[in-house]
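The values are calculated or read from the model by the stated rules, or taken from the named source; none is laboratory data. Just so we're clear, the structure is a prediction, and the values are computed from it rather than from any experiment. Here Cβ is always computed from backbone atoms with ideal geometry, including for glycine, and neighbour counts include all displayed protein chains. Calculation scope for accessible area: heavy atoms of the full protein, side chains included, ligands and nucleic acids excluded. Shrake-Rupley method; radii C 1.70, N 1.55, O 1.52, S 1.80 Å.
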Amino acid sequence: MNREEIVGQILVYVKRLVKNDVQFDVTPETRILSEQVVDSLGIINLVTFIESKFNIKMEQSDLTLDNLDSVENIADYVVRKRQ
Amino acid sequence: VKKIVILGAGGHALNVIDLLLKEQDEYEPMGILDPAAKGDVLGVPILGGDELLAKLRSDGIEYAFPAIGFGSEVNNGLRRQIYEKIKKCGYKLPNLISSKAFVRSGVKMGEGNIVQAGSVLDTEAELSSNIAVGFNVLIAHRCKIGSHVTFSGGVILNGGICIGEGTFLGMGCVLYRDVGSWCKISPGTVCMEAVSDRKIVFGYPARCIPNLQVDR
């Protein structure tokens, strides 16, 4: 799976988690944590999705804003982790 | 019997009113305020929105209780806002303890707390105010709980630990060390280490994510 496909799969999943009161379209660059696009339960679901979809384990040191705050960031993290 | 007005008509209010009707005999719910609801809850009439709060106080109602739960649209920040609005109007907020709960020696409580059936407040536990303790919760000896905390059903605390204000504890989580303020602990989490302020915590072993949610 290449990076573009990873971005696409994460974006589809993130769009399912978007809170009802978010009025704008979510893109790969949207700061999904900083801008509170998903709620706390959604964030946990997102981590679970990343681990199962890409067969990786997010260690405590991986659970940072830098790795999780946008679909682009997550995709970069997944690519690094799978190398 | 003292008349009390209830704020909120959702699922948590259902629990609060059932406790008032069947598991205590000091307070009688005279009405509910909720701008988004009509009709009644377990026979207690919904009178209108929060704008009636001041009028009811001037009509002589002395007691009020915030029956705001926790879910996708509400959080402990909103629970704090409603609590403060009630205080500002000059109401007294009782502690509502189910007759089926167990409160041991030396427990201290602020005001506006609810303790549901099956829960145990162990010896010398200290609760601040506006804390919701769900069903079958164990708050062990000498624990200290900050204001506006929500305990979902089945939470277990180790003795002597502190929970900071505004923290949400999901169903069945087990906490062994202190937890900071405005954290969200996912259902079923087993937390063996201390948790600092503003974290989302999940799983076993527990993992943390920064909590950037601004509770309104």
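Details
- Surface composition of chain A: carbon plus sulfur atoms hold 45% of the accessible area, using a 1.4 angstrom probe and ignoring ligands, DNA and RNA.
- Cα convex hull of the stretch A:1-66, projected area averaged across orientations, nm²: 4.7 nm²
- Once backbone amide H atoms are built at 1.01 Å from N, B:THR189 has B:CYS173, B:VAL174, B:GLY203 as its partners under 5 Å, excluding neighbours fewer than 5 places away on the same chain.
- Using alpha-carbon coordinates, inclination of helix A:71-82 to the longest axis of chain A, degrees: 20 degrees
- Among the listed pairs B:LYS22/B:LYS184; B:LYS3/B:LYS144; B:LYS3/B:LYS108; B:LYS144/B:LYS199; A:LYS53/A:LYS81; A:LYS81/B:LYS199, a Cα-Cα separation exceeding 21 Å is found for B:LYS22/B:LYS184; B:LYS3/B:LYS144; B:LYS3/B:LYS108; A:LYS81/B:LYS199.
- Chains A and B together bury roughly 1300 Å² of accessible area, counting both sides, with a 1.4 Å probe on protein heavy atoms only.
- Here the stretch B:1-144 carries DSSP beta bridges of which approximately 10% are antiparallel, counting only pairs with both residues inside.
- Whole-Hz ³J(HN,Hα) from phi, Karplus 6.51 cos²θ - 1.76 cosθ + 1.60, for the stretch B:56-62, glycine and proline x: 4, 5, 6, 7, x, 6, 9
- Under the Karplus curve 6.51 cos²θ - 1.76 cosθ + 1.60, θ = phi - 60°, whole-Hz ³J(HN,Hα) for the stretch B:125-133, x wherever Gly or Pro sits: 5, 10, 10, 6, 10, 6, 9, 9, 10
- Rounded to whole Å, the principal axis extents of the Cα atoms in the stretch B:126-194 read 25, 21, 20, largest first.
- Between the helical axis of B:11-22 and the longest alpha-carbon principal axis of chain B there is an angle of about 70 degrees.
- The value of relative contact order for chain B, using C-alpha pairs under 8 Å at least six residues apart, is 11 percent.
- For the segment A:60-71, counting C-beta atoms of other chains within 10 Å of every residue's C-beta and taking the mean gives 2.
- Between helix B:76-88 and chain B: long-axis angle, C-alpha atoms, 0 to 90°, nearest 10: 40 degrees
- Prolate is the label for chain B. Its Cα gyration tensor axes, ordered a ≥ b ≥ c, give a/c of at least 1.5 and a/b above b/c.
- DSSP beta bridge pairing in the protein assembly as shown, given as percent antiparallel to the nearest 5: 10 percent
- Only protein atoms count toward the accessible area here, which uses a 1.4 Å probe; on the stretch B:84-216, the carbon and sulfur part of that area reaches 53 percent.
- Rolling a 1.4 Å probe over the heavy atoms of the protein chains gives chain B an accessible area of 43 Å² per residue.
- Extension gain (nm, one decimal) between B:LYS85 and B:SER58, 0.36 nm per residue minus Cα-Cα: 8.2 nm
- Under-5 Å amide H pairs with B:LYS144, H placed in peptide plane, nonlocal only: B:GLU126, B:ILE161, B:CYS162, B:ILE163
- Relative contact order (percent, whole number), the stretch B:1-79, Cα cutoff 8 Å, 6+ residue spacing: 37 percent
- Couplings 3J(HN,Hα) for the stretch B:142-150, derived from phi with the Karplus relation 6.51 cos²θ - 1.76 cosθ + 1.60 (θ = phi - 60°), are 6, 5, 10, 10, x, 5, 6, 7, 10 Hz, where x marks Gly and Pro.
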